1. What does the net charge come to around residue 358 if you take all other residues with beta carbon closer than 15 Å to its beta carbon, with K and R at +1 and D and E at -1?
2. Considering the Cα trace of region 45-151, what is its radius of gyration and what is Dmax, both in angstroms?
3. What order, most packed first, do the peptides 232-242, 92-102, 321-331, 36-46 have when packing is the mean number of other Cβ atoms within 10 Å of each residue?
4. Please list the equivalent ellipsoid semi-axes of region 325-374, computed as the square roots of five times the alpha-carbon gyration tensor eigenvalues, in descending order and whole angstrom.
5. Can you check what the net charge comes to around residue 278, using other residues whose Cβ is under 13 Å from the Cβ of residue 278 (Lys, Arg +1; Asp, Glu -1)?
6. For the chain, what is the accessible area per residue in Å², given a 1.4 Å probe and the full set of protein chains?
7. Are any of the pairs 150/328; 115/229; 90/115; 5/243 more than 29 Å apart by Cα-Cα distance, and if so, which?
8. For region 337-415, report the % of Cα-Cα distances exceeding 14 Å.
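The values are calculated or read from the model by the stated rules, or taken from the named source; none is laboratory data. Predicted, not measured: the structure shown is a model, and the values here were computed from it. Methodologically, a virtual Cβ is constructed for each residue, glycine included, from the backbone with ideal geometry; neighbour enumeration extends over all protein chains shown. What goes into the accessible areas is simple: the full protein's heavy atoms, side chains included, and nothing from ligands, DNA or RNA. Shrake-Rupley method; radii C 1.70, N 1.55, O 1.52, S 1.80 Å.
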Amino acid sequence: MSHRKFSAPRHGHLGFLPRKRCRRGRPRIKSVRKDSATEKPHLTAFMGYKAGMTHVLRDAQKIAQKVITVEVVEAVTVIECPPMNVIGIKGFRKTPYGTKALTAIFTKEIPEGAKRRVSHDWTNPVGRLVFRHHEGLYDDEEYVADRQAKLDLIKSRADIVRIIAHTQPHLVNIQKKAQIVEIQINGGSIEDKIQYAQGLLGNTIRVGDIFDDYNMCDIIGITKGHGTKGVVSRWGVTRLPRKTHKGLRKVACIGAWHPARVMYSVARVGQKGHHHRVEFNKKIYMVGAALDDTTQENKGKFAGTTEHDLTKKSINPMGGFPNYGNVKYDFLVIHGSVPGPRKAPLALRTTVTPQTSLRSQAKIPLKFIDTSSKIGRGRFQTIQEKRSFMGKIKRIAEAERNEKLQQAREKRARE
């Protein structure tokens, strides 16, 4: 005989309580892979913005009595990753009471996007004076000595070294206020980490410096918000019979007489969405380059071209990604979906645990990348294909006719 926990399990996972709105507007990197001194110093995370989704065609192997190769169509997400600016180095020390910050040093020039994030009121002239003392006294002798003392403190006492970097959302027309994030450096000794961080200080980093094609990564984001929802939408409980008095999208019994309180595990109305979530072990199908990167045109300007689809096209669909536009900078093509709406900031982290499975190490070349319009029913992959099938549109035909008329008028005027 079965048990009720199998025939009628509870609705909703209690591991994600409390279901409340995320306090921050950006994802937070709370943990990274265990450090190893035998590796070279490297960064463990990056930030990007969700552009949209499309689908790809690839070969998949089914292993049964014999290996069968079949073509499968899979959904992918495109994440645009503009270069990030490194503006600081921060040291941490492990204590019996947790990881505690030691000190931090910064570059002389702090970009405006980072200042907007730090300022309490950018519209106020006083609010725009952040870092004014830092920039004015940066080359002063006492300030230089203090900065060197902080660096020596990190070298002597720090157990963890992180860089302070910020995104550049103004490059992709999302907002002017940057997202500031700490990115941990793994590998090597503390001296190696600091030397590596000093080489990055004041420079930009790209997503290709951290991830490669066919790597695995973790996606940290904030889910799409849906506001206040009832128990049927929020917890997925079963609706009551049609003739139920005073509504049917409810929980019939919210608890016994005693204890005289409602248990935390009972489904109740409340916030749905805008939660901080982590998705582990996502496959990276492609690390793309910027459209104007002439050294990597096969990953930038012609990223949509594959060995089986020789059409010269980029990763952008016709008309751009809905509610986002065209991807112009470095990007990632991730297998499956990721949390959050379009334009949402996402943290891309190297996997917490080393991946050894065949799937994680497999190289999966794409045979076809769909670039048809995502608005309506897209039939064509490029604008040239559409015009060759549909013919000249009215606007182009009128422009050509007006140009011929103008040339005829100029010819008569000369005669």
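1. +3
2. Taking only Cα atoms of region 45-151, I get Rg and Dmax of 24.3, 75 Å.
3. Top to bottom by mean Cβ count within 10 Å: 321-331, 36-46, 232-242, 92-102.
4. 24, 18, 10
5. Local charge sum for residue 278: +3.
6. Using a 1.4 Å probe on heavy atoms only, each residue of the chain averages 61 Å².
7. Distance filter (> 29 Å) returns 150/328; 115/229.
8. 82
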